[in-house]
1. Within region 63-74, identify whether any single residue is modelled with pLDDT under 80, on the phi < 0 side of the Ramachandran plot and within 21 Å of the chain's Cα centre (by Cα), and answer yes or no.
2. Ala24: under 24 Å from Val103 (Cα atoms), out of contact with any helix residue (DSSP H, G or I) (no Cβ under 8 Å at 6 or more places or on another chain), modelled with pLDDT of 90 or more and of a type in the set (A, V, I, L, M), yes or no?
3. In region 28-51, is there at least one residue being in contact (Cβ under 8 Å) with a residue 40 or more places away in the chain, exposed (fewer than 13 other Cβ atoms within 10 Å of the Cβ) and charged (D, E, K, R)?
4. Restricting attention to region 85-100, does a residue exist that is modelled with pLDDT of 90 or more, among the aromatic types (Phe, Trp, Tyr) and part of a helix (DSSP H, G or I)?
5. Of the residues Ile9, Ile18, which is out of contact with any Pro (no Cβ under 8 Å at 6 or more places or on another chain), in contact (Cβ under 8 Å) with a residue 12 or more places away in the chain and surrounded by 10 or more Cβ atoms within 10 Å (Cβ to Cβ)?
6. How many residues does region 1-58 hold that are closer than 20 Å to Thr80 by Cβ and assigned to a helix (DSSP H, G or I)?
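The values are calculated or read from the model by the stated rules, or taken from the named source; none is laboratory data. It should be emphasised that the depicted structure is a prediction, and the values quoted were computed from it without experimental measurement. Neighbour counts run over all protein chains shown; Cβ positions are idealised from the backbone, glycine included.
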Amino acid sequence: MLALFGLAIAFGGFTFPIYSIAVAHTNDYTNPDDLVSASSALLLVYGVGAFLGPLIAGLMMGWMGAVGLYALMAGAMAATVLFALYRMLARPPLPVEEQEPMVLVPRTTHVAYELDPRAEPVENE
């Protein structure tokens, strides 16, 4: 049972960051004028996957049983790895000087800053 928990943690640790890494990679290689269209394309692909994933998982589980879910996930991860390897070999990496610096953004709204007593007062224009 402990091994199952460890595998679940490893699975989540490897799968949850994929979208964030894809966005960062896309932003590094996209012309600044095309960032909005690139972001919307990523969101569209994510939405299609979020729609089709459960449908395909249900079909796989109906065909293979509970193992079908894991077979689907293994296939999806294998396809992701193959695509990443293809992209890595298709062009040289972007030089560090041309990459954008990482900016940590808190997961809150700007209104929360106004409510924080430690924040500097902001003058309204």
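1. No, that holds for no residue.
2. No.
3. yes
4. So far as region 85-100 goes, yes, one or more of its residues are modelled with pLDDT of 90 or more, among the aromatic types (Phe, Trp, Tyr) and part of a helix (DSSP H, G or I).
5. That would be Ile18, the only listed residue that is out of contact with any Pro (no Cβ under 8 Å at 6 or more places or on another chain), in contact (Cβ under 8 Å) with a residue 12 or more places away in the chain and surrounded by 10 or more Cβ atoms within 10 Å (Cβ to Cβ).
6. Selection size over region 1-58: 40.
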